[in-house]
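Student: Have a look at this one before I ask anything.
Bear in mind these aren't lab numbers, they're just calculated from the coordinates by the rules spelled out. Computed from a predicted structure; not experimentally measured. Here the Cβ is made from the backbone with ideal geometry for all residues, glycine too, and neighbour counts use every protein chain on show.
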Amino acid sequence: MTTENPPFGTTYLANVGKPVKTVEHAQLKQAFPFVVWRSNCPECSYGFLSCRRKRNVNEQFLCLDDIDTCDTCAQTFQYSDIDRMRRIDKGDLPVSEWPARYKGK
């Protein structure tokens, strides 16, 4: 986790309106040790990607959204591994098939 603040005016909302970038969540740097879904932004390294949730019309609970936006630079990302992330979140994927990041290693 970055502890210093970014230089004023250089990264805040710098990527508003820029094209969506595709990333694999399992390859992103985990922001905090025990918060599996929160990651450091690969674009600015100061902000976070929180893995928002949305209502899935086919199910009764909220599922992980495939689109996320950095809370600092406003770069929008789409997760290429969203199906695996949702299966892990629901408990439908055996732990042996989880990437190391989700196992706490």
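Student: Given charges of +1 on the Cβ of Lys and Arg and -1 on the Cβ of Asp and Glu, with all other atoms neutral, how large is the dipole of the chain about its Cα centre, in debye to the nearest 20?
Tutor: Charge dipole, the chain, about its Cα centre: 160 debye, nearest 20.
Student: In 5 Å bins starting at zero, report the fraction of Cα pairs in segment 21-103 per bin as a rounded %.
Tutor: P(r) for segment 21-103, in whole percents per bin: 3, 15, 26, 25, 18, 9, 3, 0.
Student: Among PHE77, SER45, GLN30, flag the residue with its Cα farthest along the positive direction of the charge dipole of segment 20-87, charges on Cβ as +1 for Lys/Arg and -1 for Asp/Glu.
Tutor: The residue sitting most towards the positive pole is GLN30.
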